[in-house]
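Read-outs throughout are calculated quantities, based only on the coordinates presented, and are distinct from any laboratory measurement. What you see is a predicted model; the values in this text were computed from it and never measured. Neighbour counts are summed over all protein chains in view; Cβ atoms, including those assigned to glycine, are modelled from backbone coordinates with ideal geometry.
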Amino acid sequence: MDTTFASSGALSRAHYAIVRQVEEASSVQEADQALAFEVKRVHERLARAAPTISKCKECLVILLYISSVALPGFLVPGSFEFAFPHALNLAEVGRTIEEKRIGYLFCAELMSTDHELRLMMVNTLRKDLESGSPGRMCLALDNLIAFANEDIVPAVQDVILDLISHNYPHIRRRAILALRSLAQFEPTLLSQGSETIVKRLQDRSESVAVSALAATAALPTSDPNFASARLVVNGLFSSIGISSSSALSLRILQCLQGVGLSETHVPFALDLIRSSACSTSSYKPASLLGLFRLLSQHTPPKLIEAEKAQEMSAVKCLTHLLQSQDPNDHYLYLACLLCVDPAVWAGTQEGRLLVLEAWEVERVMGFLESDDDYIRKMTLTLLARIDPAILSTYLTHILSSLPASSSSQSPATPMDLATLNVLAVKLFDIIELLTTEEGDRYAQGVKEVLGRLDEAQGTPGKKKVLQGAVEKVLVHVRESMSDFRISCATTLLTYITESLQSAAGPTPENVPPSFGPTFLVIAAALAVEYVNSVAVSPKETVKALCRSLKGSSPIVQDALLISILRLAAEIHLEDGASLPDEVKGTVQEVQDKAGTFIRKRCAQVLKYLSDDKRLRSVVRGLSSTTLPEFVQALEIQETKGRTNSDIYRDDTPSDRNSSANARSRSGSPNVGLASADARNASPSKSVNASSKLRYAAYEPPKPIASLRFGSSGGQRPSSPQLNKVNAISRSSSNRPSSPRSDAGSSSYGTGRSEYESTAVEAASLGLAAVSLGRLDSMDSLDSRRYSVGQGQKDRRLKRASSGTELVPGPGLPKSDLISLDSPFVTDATIGASGGSEGGEDNISSDEFEKIWNELPEGERGSQRGWCDGSVGEIARRLQGLGNGHDDEDMRVRVAPVDVPPFVGELKVMVIAGDGRVVAVRLKAGEEDSCLWRLKSDGLGKASAVRAALV
């Protein structure tokens with residue numbers, strides 16, 4: 001920020017200081033922290049003593065700035081409550097218009113309309129309205145326009161009615177708008193001032209006339225002055241032009257949509273539309289659309305008669321919009337067509353021919369394939385109004401063109417998931433228009449469309465959930481009428497229960513359910529949301545969902561398990577009802593064979609099924625009936641029941657047995673870490689704490705030489721960014737060692753405990769194994785399945801301590817020679833490294849955080865996404881960037897997972913030969929997926945890194 005205080009326009013030095021601090025912050029988080037500190041400082045300043053008016057104004061301006069620049073959600077609700085009394089006081093006792101304006105503005109921006117302190121403004125508002133000062137009166141009227149409430153009406157209504165006839169036009173305009181705002185709480189106010197408002201329609205000030213038109217549009221038809229108001233507004237209509245861009249012309253068109261266009265003025269409206277076709281460069285789109293909306297108020301026979309009298313067609317005057325390549329013109333064309341009944345122009349009425357030519361019809365039909373969702377939906381709506389059979393034929397054509405597959409054979413050319421998601425949204429748009437308010441027909445259409453889309457995916461058992469279809473269906477059902485929602489949910493759940501009754505025998509293992517994954521997710525969500533409304537028995541629904549549980553994918557299993565648990569709560573509430581016997585058995589079978597996430601979900605379901613009292617308490621606390629709300633309630637309940645003593649506790653024989661059994665099922669070795677208390681204990685306590693380790697820790701590792709760059713003196717490329725990274729690395733490695741590290745007898749760098757040193761060594765060797773391609777035969781780098789060969793470790797340490805230098809063999813890049821005896825490592829182990837002496841593949845969290853904050857934000861500098869692969873797989877891809885660029889010196893460095901900042905994320909830094917840096921944060925998702933975020937100092941290698949992440 002190069003602006004000086006003198007030229008900044010800041011109110012004070014304090015105001016300038018906080019603006020400068022925010023503008024020069026290196027990250028959004030740093031700016032928010034500065035704002036939060038400033039709020040605290042202002043609070044203390046106002047609470048210390050009664051501030052002067054000038055100081056109070058300064059503090060309020062600073063708080064207004066903070067409220068406008070802070071990220072949404074950063075400041076908790078009520079953060080500015082402490083300043084409301086000062087703002088009210090400033091609005092009351094302010095000596096100048098500027099001081100009072102800041103008090104009013106602060107209350108208008110930050111105080112809710114129903115706040116209890118609003119009552120304290122009533123007396124201030126009335127005094128300003130009666131003050132006779134135009135400035136103070138305008139301030140009070142502006143506040144009433146924006147934040148009127150029913151408590152203010154009795155105190156100010158008489159004054160407002162008088163101010164409509166005030167000498168100053170600025171006061172007249174604001175008084176009319178304030179009267180309209182107050183009429184929301186007292187409808188008779190408009191009728192009391194309607195006579196004066198009609199006079200103001202022809203006020204000599206255009207701004208006053210515009211405000212009078214806005215108030216006239218809100219007049220009820222029962223008002224005695226409504227007819228005269230309608231006559232005056234129609235008279236004003238004859239004075240506007242299609243090329244006029246004044247606020248008065250647009251407001252007249254809007255007002256006529258409320259009071260109505262008289263039949264005698266329809267020819268004039270047609271003349272204005274015809275002038276738009278003659279002068280395509282000067283027409284105003286808003287005015288043209290407003291004219292067509294006025295025509296929609298009249299019946300087709302009257303419009304046809306008026307067009308014949310004028311020897312023109314209003315729709316034909318829009319041809320220039322159809323010939324345009326601008327999507328905005330296409331939108332305007334379709335919007336105007338939707339305002340006119342198809343009988344006028346589509347040839348659906350006997351004796352009336354089609355107005356459009358063949359090429360125009362073809363162009364309109366081409367909008368069905370538009371990339372713009374609004375244009376496509378408007379085209380579908382237009383065709384549905386002409387003839388719903390057109391949409392039915394179009395839907396049949398799309399479904400018949402999809403590739404088909406049998407139960408055992410994939411289609412010749414299966415469609416990819418992204419294309420199917422886009423197609424699903426288009427198909428459901430058609431079904432919505434064809435079924436209107438018939439929920440059962442909509443459910444039938446959903447079932448048929450999803451069945452065809454599942455066939456187009458490929459072999460059964462490998463079908464994916466179409467996220468776009470799930471969102472489209474659930475949102476449409478939620479936004480529909482109550483009868484539609486219940487009918488749709490009942491029909492879909494009936495399909496599932498009837499399939500259970502028609503099926504014979506138990507469901508074979510590894511056989512996909514009779515319904516596709518997308519249909520099952522939708523049915524599970526509707527079953528949870530409308531469990532108390534549908535006529536389908538919860539017990540029958542649970543049986544049907546259990547039948548589909550075994551052969552479904554993990555994402556479908558999760559939705560089914562949540563739905564089963566929610567329906568079980570309703571079964572327990574029924575008199576004499578009990579959960580079907582096969583439910584727990586099916587869930588237990590799924591748990592034994594599922595991955596980690598589904599195994600945890602199954603355990604959660606079984607726990608609540610055995611404790612119906614706790615399950616009912618969760619259901620009673622729901623704020624809504626949706627499936628996500630139920631999942632959130634379960635997580636909150638789990639959090640409440642989990643304490644630190646549950647997570648970190650002394651081991652008992654039963655605990656050890658259960659832990660061993662769990663590890664034997666998941667294939668995990670007996671590797672454990674000290675408790676958090678033991679790691680953070682002082683040197684005098686660390687010895688005692690170590691005796692409480694669940695498993696024996698590794699022996700202290702011995703130092704190993706850096707083998708990535710030999711002692712022959714190979715120099716790294718130099719660049720400002722790279723020098724900065726290395727400088728930070730040296731400064732962090734030269735930090736004085738802590739007492740804890742001295743007591744731990746660390747021999748791997750300074751200031752590190754045994755645990756940290758072991759993690760550093762494992763990370764370095766694991767990264768080498770990734771770069772050498774030795775992990776191809778392993779499972780994905782999963783924290784549930786890894787092992788460390790103690791014999792291999794001993795040999796590796798012996799080789800390193802002897803100082804033997806490895807020589808690269810054929811086919812191995814010299815820069816990747818570390819050790820061929822690398823242990824199996826986990827995602828967490830890869831990221832558990834910190835900076836160390838000679839640890840060229842490691843970077844401390846402090847280094848990473850500093851570089852991350854220095855890298856730019858924005859579309860070019862910051863990107864994020866999701867990829868279908870574990871953190872370990874992504875680490876291999878990133879390491880492969882260096883292997884694939886022998887002509888460049890690219891390094892991949894990692895930072896700890898379990899050390900702030902970004903706890904739980906693997907932090908990777910890719911440094912190119914030209915010094916450009918790409919920083920990546922990887923976070924493990926569900927079922928071997930990964931969430932990533934990338935920042936770079938320019939394009940550089942960001943494109944190559946992003947390609948490895950996709």
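So here's what we get for this one:
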{"read-out": "Packing-based ranking, highest mean first, of 585-592, 3-10 given that Cβ atoms within 10 Å are counted", "value": "585-592, 3-10"}
{"read-out": "Entries in LYS600/LYS935; LYS550/LYS907; LYS40/LYS850; LYS472/LYS640; LYS462/LYS923 that, when Cα-Cα distance is taken, lie over 28 Å", "value": "LYS600/LYS935; LYS550/LYS907; LYS472/LYS640"}
{"read-out": "Cα-projected label distance for SER275 with ASP898, points at 7 Å along beta-carbon direction, nm", "value": "7.8 nm"}
{"read-out": "Filter on LYS127/LYS199; LYS539/LYS584; LYS539/LYS613 - keep pairs with C-alpha separation over 20 Å", "value": "LYS127/LYS199"}
{"read-out": "ALA218-SER537 FRET efficiency (beta carbon distance; Förster radius 45 Å; 0.05 resolution)", "value": "0.30"}
{"read-out": "Under the Debye formula (equal points on every Cα, no solvent term), log10 I(q)/I(0) of the stretch 103-144 at q = 0.15, 0.19, 0.33 Å⁻¹", "value": "-0.33, -0.53, -1.21"}
{"read-out": "Protection proxy ranking, peptides 516-525, 89-98, average beta carbon neighbours within 10 Å, highest first", "value": "516-525, 89-98"}
{"read-out": "FRET E, pair PHE268, LEU368, Förster distance 35 Å, beta-carbon r, rounded to 0.05", "value": "0.45"}
{"read-out": "Protection-proxy order for peptides 266-276, 218-228, 293-303, each taking the mean of Cβ atoms within 10 Å per residue, highest first", "value": "266-276, 293-303, 218-228"}
{"read-out": "Rule-of-thumb Rg ratio for the stretch 1-111 [Cα; 2.2 N^0.38 Å; N residues]", "value": "1.05"}
{"read-out": "Sites LYS302 and LEU417 - FRET efficiency at Förster radius 60 Å, r taken between beta-carbons, to 0.05", "value": "0.70"}
{"read-out": "Relative contact order (%) - the stretch 1-111, alpha-carbon pairs under 8 angstrom, separation at least six", "value": "22 percent"}
{"read-out": "For the stretch 83-163, average projected area of the Cα convex hull in nm²", "value": "4.7 nm²"}
{"read-out": "Inter-label distance, nm, simple model (7 Å from Cα along the C-beta direction), ARG620/ARG478", "value": "2.7 nm"}
